[in-house]
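Taking it in order: structure first as structure tokens, then the write-up.
The values are calculated or read from the model by the stated rules, or taken from the named source; none is laboratory data. Only a predicted model underlies this, so the values are computations on that prediction, with no experimental measurement involved. For neighbour counting, all protein chains shown are included, and Cβ atoms are generated from backbone atoms with ideal geometry for every residue, glycine included. Heavy atoms of the whole protein, side chains included, go into the accessibility calculation; ligands, DNA and RNA do not. Shrake-Rupley method; radii C 1.70, N 1.55, O 1.52, S 1.80 Å.
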Amino acid sequence: MEIPKIIGAGLVVIGAGIGIGKIGGSAMEAIARQPEATGKIQTAMLIAAALIEGIGFAALFAVN
């Protein structure tokens, strides 16, 4: 494996982790403001987190 590919994949994974963290934090704030919308907020949060995580996995597979 080439070093630039590994660094690029690492940056993508770190970015995905930061993105999922921001989604989770924002969702917790939204739930605190509107507890009645918890189900809708959680659903949107999980879908967005899954899409971001998929990009991270794709970056890892692209290295090989």
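Residue count for region 1-26, restricted to those that are surrounded by 13 or more Cβ atoms within 10 Å (Cβ to Cβ) and of a type in the set (D, E, K, R): 1.
Can you find even one residue in region 41-54 that is modelled with pLDDT of 95 or more, outside any helix (DSSP H, G or I) and open to solvent by 60 Å² or more (accessible area, probe 1.4 Å)? Scanning region 41-54, I find no residue that is modelled with pLDDT of 95 or more, outside any helix (DSSP H, G or I) and open to solvent by 60 Å² or more (accessible area, probe 1.4 Å), so the answer is no. Just one of the numbered conditions (1) open to solvent by less than 60 Å² (accessible area, probe 1.4 Å); (2) modelled with pLDDT of 95 or more; (3) not β-branched (V, I, T) is not true of E29; which one? Of the numbered conditions (1) open to solvent by less than 60 Å² (accessible area, probe 1.4 Å); (2) modelled with pLDDT of 95 or more; (3) not β-branched (V, I, T), the odd one out for E29 is (1).
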